Amino acid sequence: MMLDRRPILLANARVVDPSRDLDTVGDVLIADGVIREAKKGIGAAGVPEGTDVVDCRGKLVAPGLIDMRAFIGEPGAGYRETLASASQAAAAGGVTTIVCQPDTSPAIDNPATVDYVLRRARDTAIVHVHPMAALTKGLEGKEMTEIGLLKAAGAVAFTDGAKSVTNAQVMRRALTYAGDFDALIVHHTEDPDLNGDGVMNEGEFAARLGLLGMPKAAETIMLERDIRLVDLTGGRYHAASVTCPESLEVLRRAKDAGLSVTASASINHVTLNENDIGPYRTFLKLAPPLRQERDRVALIEAVRSGLVDVIMSDHNPQDVETKRLPFAEAAPGAIGIETMLIAGLRLVHNGELDLLTLLRATSTRPAELLGLPGGTLRSGAPADLIVVDMDQPWVVNPDELKSKCKNTPFDEARMQGRVMRTIVAGRTVYEVV
Amino acid sequence: MNSPAKTSFVLSQKHLLGIEGLTVADITGLLDLAEEFVELNRQIEKKRTTLRGRTQINLFFEVSTRTQSSFELAGKRLGADVMNMSASSSSMRKGETLMDTAITLNAMHPDLIVVRHHASGAVELLARKVDCSVINAGDGAHEHPTQALLDALTIRRNKGRLEGLTVAICGDILHSRVARSNIILLNAMGARVRVVAPTTLLPPGIERMGVEVARDMREGLNGADIVMMLRLQRERMNGSYVPSVSEYFHYYGLDEKKLAYAKPDALVMHPGPMNRGVEIDSIVADGAQSLIREQVEMGVAVRMAVLEALSRNLPNA
């Protein structure tokens, strides 16, 4: 890691700032850990003495990504991922802020554990880390956690991770109580009973593979219930991972009604579909499951229109013990923090998504929803930013990924675009030399 | 009786993981080869030496009587050394993973591994980790290719053909690997396939696998040449997928009355083991139209054909 404390001028770059709808050739000046200016023609003449002028001609400079959903494993499962290893992967992928999930061991369901994670991150991680805290104690879906104290300790939102709170009364009270603290509730919407023993999206492909399916309705029913409860309580609500047009329709109605409802989609669901599972590839076993191509297309359209606010990595490290198994027995989840931006660039390169929208969904919107200072290149914002070569071709080699686990769905995939430098609070934490 | 087999066809595959992936020539070739073994198996001297020196491991993670014994006999009649491993006696009980078991067995240099596993895709997963030929003896609800081949052989011997026949597959399609393999094989050979079941026991999307779907036996069996019944597992009988055994038998159990909906010369099949009085009435199971015992006989012949065909592709050095 390089500790450049000198001011840096990223010169002649394509500067893209989704918080201002800015996409221009210009310069970005960083000093004292904050962005001084980002605009056309600052020029080497207009910078303080001793400034490190970096020619970024032909490269993209943008706010660092804020990954709103990453499962880490620390505390309790450091063999899967530590805050340190996750932060290395994040830096290499252009992610400057990780929002980690509370399903650790012990769960992040009390202020002391929030404090532990924050201190551990401060000491070992090279990017910012903010934990979400559990919505219910022990993630058991029964009793709400100390939402006020947890928020004061630094929890940026409340969620039971990949578990759904099935008891509507518990959800109602949590939404009501959280409303008093203006706390955001993030909910994984899958009805576990309706999913039953299902292991992939229900339909022809599951029928052919002899795998039990999970209907889209399992997701949509839970989302629909939640929206009714938001209407009842006035809470602030975020759907953790939507995947299908039926859910999007529910979301649209909620937003049209003026409810405080937002949603994420995972990078996997906007770039892959169930056919990518092929011959039982367990790295593509996800929760919620990959759907059909027409669902993916609808999801992209929703990102474009802003109906889906955020794209997140859903980073979930699983080792061979939990993945090198028959499909039905393998754990769900894929790593993604290091490939999220580059996989997203696929959509930009093939014309499905414009760059501003991709960056807004991965930086500006998460910052706004979580009340974090990044996601912008405005003067005075923290100097969390990335330099990206939009065109460099490369092939994903799992062995070269920084994550402790190698369960990438983009195993050996061809990519176009590479993060060249990642700057966190003014310090370069990753650089391709 | 050590004359070499008359048919000399070569299978296009290294493994038999499913009917999916086989060509029509593969299927026809295996059935023709199996015909030779039907004759052989009816003689006093049933041995061939094709697999002499070869090691065949039967690795059964799920209990099986007829499939495992059928593969064992098939291997022995072809002269292989056959070892049986089952879940109850193996280190699987001690928590060893499927992959570790595969790697361990591979180190013993088997030539053929016959695998049954309760999870769909498990056999393919194992095949990636071993050097020898792998035969799928049933993986979850995915495929059971030798069952479909023996069913096809049984039908062909009794009807003289597969093409143009109407085959009704009845019962728990959702959980059935036998149904999937049969659907693929019969479609490939030009038969018309119908599935008959309560909708709770049909996988959503099944109609896109090239079958007609019927929800009652009268409609489903109408004009059928073959009525293939499937076993209904006990744990699925009481309220989870169907309300009760008696309701299931009332609507979907094959008795003489329902069989009368099919063609007068329709034949009845069942992969076994049967639940008499659940999916099939004893009078039908043991009746003149039943091919159930013949299916078992064909099973040994078909498995010999598969073992022989795969061994032709094994390295000889």
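For a test of the definition: using alpha carbon positions, the gyration tensor, and the 1.5 limit on a/c, classify segment B:118-266 as rounded, prolate or oblate. Don't jump to the answer; show the numbers that get you there.
Values: a/c = 2.14, a/b = 1.25, b/c = 1.71.
Verdict is oblate for segment B:118-266.
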Search the structure for amide H atoms under 5 Å from the amide H of residue A:52, placed 1.01 Å from N in the peptide plane, and list their residues when 5 or more places away or on another chain. A:8, A:9
Residues with amide H under 5 Å from that of residue A:420, placed H, sequence gap 5 or more: A:387, A:388, A:389
Summed residue charge, Cβ within 9 Å of residue B:41's Cβ, Lys/Arg positive, Asp/Glu negative: +1
Using a 1.4 Å probe on the protein heavy atoms only, what accessible surface does residue A:144 show? Give it in Å² to the nearest 10. 60
Alpha carbon centre of segment A:253-318 versus segment B:24-65: separation in Å? 48
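From the square roots a ≥ b ≥ c of the eigenvalues of the alpha-carbon gyration tensor of the protein assembly as shown, which class results: rounded (a/c under 1.5), prolate (a/b over b/c), or oblate?
On the way: a/c = 2.61, a/b = 1.95, b/c = 1.34.
Prolate shape, in that a/c is at least 1.5 and a/b is the bigger ratio.
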When all protein chains stay in place, what accessible area (Å², nearest 10, 1.4 Å probe) is found for residue B:117? 0
Which value, in debye to the nearest 20, gives the size of the charge dipole of segment B:183-262 about its Cα centre, when Lys and Arg are +1 and Asp and Glu are -1 at the Cβ? 120
From the phi angles alone, apply the Karplus equation (6.51, -1.76, 1.60; θ = phi - 60°) to segment B:204-220 and give each ³J(HN,Hα) in whole Hz, x where the residue is Gly or Pro. x, x, 4, 5, 7, 8, x, 10, 8, 10, 10, 9, 9, 6, 5, 5, x
Under the Karplus relation with 6.51, -1.76 and 1.60 and θ = phi - 60°, whole-Hz ³J(HN,Hα) for segment A:113-122, x at Gly and Pro, equal 6, 4, 4, 4, 4, 5, 5, 4, 5, 4
Given B:191, A:141, B:152, which one lies farthest toward the positive end of the charge dipole of the protein assembly as shown, if we put +1 on the Cβ of every Lys and Arg and -1 on the Cβ of every Asp and Glu? B:152
Among B:200, B:221, A:185, whose Cα projects farthest towards the positive end of the dipole of the protein assembly as shown, with charges put on the beta-carbon of Lys, Arg (+1) and Asp, Glu (-1)? B:221
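Specify whether the C-alpha gyration tensor of segment B:105-177 places it in the rounded, prolate or oblate class, a ≥ b ≥ c being the square roots of the eigenvalues: rounded for a/c under 1.5, otherwise prolate if a/b is larger than b/c and oblate if not.
oblate
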When the Cα centres of segment B:91-166 and segment A:356-433 are compared, how far apart do they sit, in Å? 45
List the lysines whose Cα sits under 17 Å from the Cα of residue B:14, skipping any in the same chain fewer than 8 residues away. B:129
Choice from B:22, B:150, B:221 with maximal GNM fluctuation in chain B (Cα, 10 Å cutoff): B:22
Once amide hydrogens are built 1.01 Å from N within the peptide plane, the residues lying 5 or more places from residue B:113 or on another chain with amide H under 5 Å from its amide H are B:57, B:133, B:134, B:135
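Given only helices, namely DSSP H runs of n ≥ 4 each adding -39500 (n - 2.57), what is the per-residue ellipticity at 222 nm of chain A, to the nearest 500 deg cm²/dmol? Can you show the working numbers first?
On the way: 14 runs with 126 residues, N = 433.
Theoretical 222 nm ellipticity from helices: -8000 deg cm²/dmol.
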Among A:85, A:43, A:117 - extreme Cα towards positive end, dipole of segment A:40-131, charges at beta-carbon: A:43
Among segment B:162-197, those whose backbone N falls under 20 Å of a label point 7 Å along Cα→Cβ from residue B:257 are B:170-171, B:196-197
Where a Cα-Cα gap under 28 Å defines reach, which lysines qualify for residue A:59, not counting those fewer than 8 residues away within the same chain? A:39, A:40, A:402
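Carbon and sulfur together cover what percent of the accessible area of chain B at a 1.4 Å probe radius?
Ligands and nucleic acids excluded, carbon and sulfur reach 50 percent.
For every helix of n ≥ 4 consecutive DSSP H residues, a contribution of -39,500 (n - 2.57) applies; sum these over chain B, divide by its total residues, and give [θ] at 222 nm rounded to the nearest 500 deg cm²/dmol. Mind dumping the intermediate values first?
On the way: 11 runs with 114 residues, N = 317.
The helix contribution divided over chain B gives -10500 deg cm²/dmol.
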Treat each spin label as a single point 7 Å out from the Cα along the C-beta direction, and report the residue B:47 to residue A:39 distance in nm. 9.6
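In terms of solvent-accessible area of protein heavy atoms at a 1.4 angstrom probe, what is the ranking of A:384, B:281, A:115, highest value first?
Working: A:384 10, B:281 40, A:115 70 Å².
The ordering from most to least exposed comes out as A:115, B:281, A:384.
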Taking residue A:255 as the anchor, which lysines have their alpha carbon closer than 30 Å to its alpha carbon, excluding any fewer than eight residues away along the same chain? A:137, A:142, A:151, A:163, A:216
Within segment A:29-140, percent of DSSP bridges classed antiparallel, to nearest 5: 25
So the pair-distance distribution of segment A:183-341, from every Cα-Cα distance in 5 Å bins, comes to percents of 2, 9, 19, 22, 20, 14, 8, 4, 1, 0
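How do B:297, A:412 rank by accessible surface area computed with a 1.4 Å probe, from largest to smallest?
Numbers: B:297 65, A:412 140 Å².
Largest to smallest exposure gives the sequence A:412, B:297.
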How do A:255, A:404 stack up against each other in accessible area, from largest to smallest, with a 1.4 angstrom probe? A:404, A:255
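The values are calculated or read from the model by the stated rules, or taken from the named source; none is laboratory data. These numbers come from a predicted model, not from an experiment. As a convention, Cβ positions derive from the backbone with ideal geometry for all residues, glycine included, and neighbour counts pool all protein chains shown. Each accessible area value is taken on the protein alone, full model and side chains, heavy atoms only, with ligands, DNA and RNA left out. Shrake-Rupley method; radii C 1.70, N 1.55, O 1.52, S 1.80 Å.
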